[in-house]
1. Given H placed 1.01 Å from N in the peptide plane, which residues other than close sequence neighbours of ARG23 have an amide H under 5 Å from its amide H?
2. How much length would be gained if the chain were fully extended between GLU53 and VAL91, taking 0.36 nm per residue of separation minus their Cα-Cα distance, in nm to one decimal?
3. Please give the peptides 109-120, 25-36, 85-96 ranked by average Cβ packing (other Cβ atoms within 10 Å per residue), highest first, as a rough proxy for protection.
4. I'd like to check one number: the per residue accessible area of the chain, probe 1.4 Å, reported in Å² as a whole number.
5. Quote the relative contact order of the chain in percent (integer), defining contacts as alpha-carbon pairs under 8 Å separated by 6+ residues.
6. For region 90-136, what does the alpha-carbon gyration tensor say about shape, rounded, prolate or oblate, given a ≥ b ≥ c as the root eigenvalues, a/c under 1.5 as rounded, and a/b over b/c as prolate?
7. Rounded, prolate or oblate: which fits the chain when a ≥ b ≥ c are the square roots of the eigenvalues of the alpha-carbon gyration tensor, with rounded for a/c under 1.5 and prolate only if a/b beats b/c?
8. Restricting to DSSP H runs of at least four residues, report the calculated mean residue ellipticity at 222 nm for the chain, -39500 (n - 2.57) per run over all residues, nearest 500 deg cm²/dmol.
Amino acid sequence: MSVEGGFGGDPPCWARQIEDLGRDLEDRDDITLLVRGFYRQVAMDDVLGPVFEQAHVDWSAHISKLADFWTWQLLGQRGYDGNPLRAHEPVHARTPFTPEHYERWLELFEATIDAHFRGPHAELAKRRARRMAVAL
C-alpha cells in the first residue's frame, strides 16, 4: 500500500526509515518512531497485514493512539483513553486471532525495538508487549 492508500501522515514520515538510535526510548517522539516503524512492517507483513486490511485501519489515527498508549505504558504519561482488550474485540470477531498472529506480532515488535533502541524502557516495552499478547 502507498501512503495515499491509507497509511496516513505525510509521505516523508512513512518513507523515512527509523535509524539505529542506540539509545533508550526517552520520550513520545522516540515512541512514535518505534510505533510507525513497527506498524509499517505489520501492514506489509504476510501474516498480519491481512488482519489490518480487513479492519480498515485509519493509520494516522491508529498510530497516534498507539503512541499515546505506549507513552503511558513506558513513561507513565497519561494521554491514552481506551481499553486495548475491548478495542480489539471487533477485529477479532472479523478475523479471529491465532497464536501465529501473536507470535508474529511479538517477533516484529521485539525486532524493531532491538534494531533501534537499547535500555530499560526498550526492555520494558518488550515485557509489556509479551504480557499484552497473552492477555489478548
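The values are calculated or read from the model by the stated rules, or taken from the named source; none is laboratory data. The structure presented is a predicted model; accordingly, all values stated were derived computationally and were not measured. Every residue, glycine as well, gets a Cβ built from its backbone with ideal geometry; the counts of neighbours run over all protein chains shown. Note: accessible area is taken over every heavy atom of the protein model, side chains too, but ligands, DNA and RNA are not part of it. Shrake-Rupley method; radii C 1.70, N 1.55, O 1.52, S 1.80 Å.
1. Correct list: ARG118.
2. Gain in length upon complete extension: 12.6 nm.
3. Answer by packing, highest mean first, reads 25-36, 109-120, 85-96.
4. Numbers: 7710 Å² over 136 residues.
In whole numbers, the chain has 57 Å² accessible per residue.
5. Relative CO of the chain lands at 35 percent.
6. Prolate is the answer for region 90-136, as a/c is 1.5 or above and a/b outweighs b/c.
7. rounded
8. Working: 7 runs with 91 residues, N = 136.
My calculation for the chain gives -21000 deg cm²/dmol from helical runs alone.
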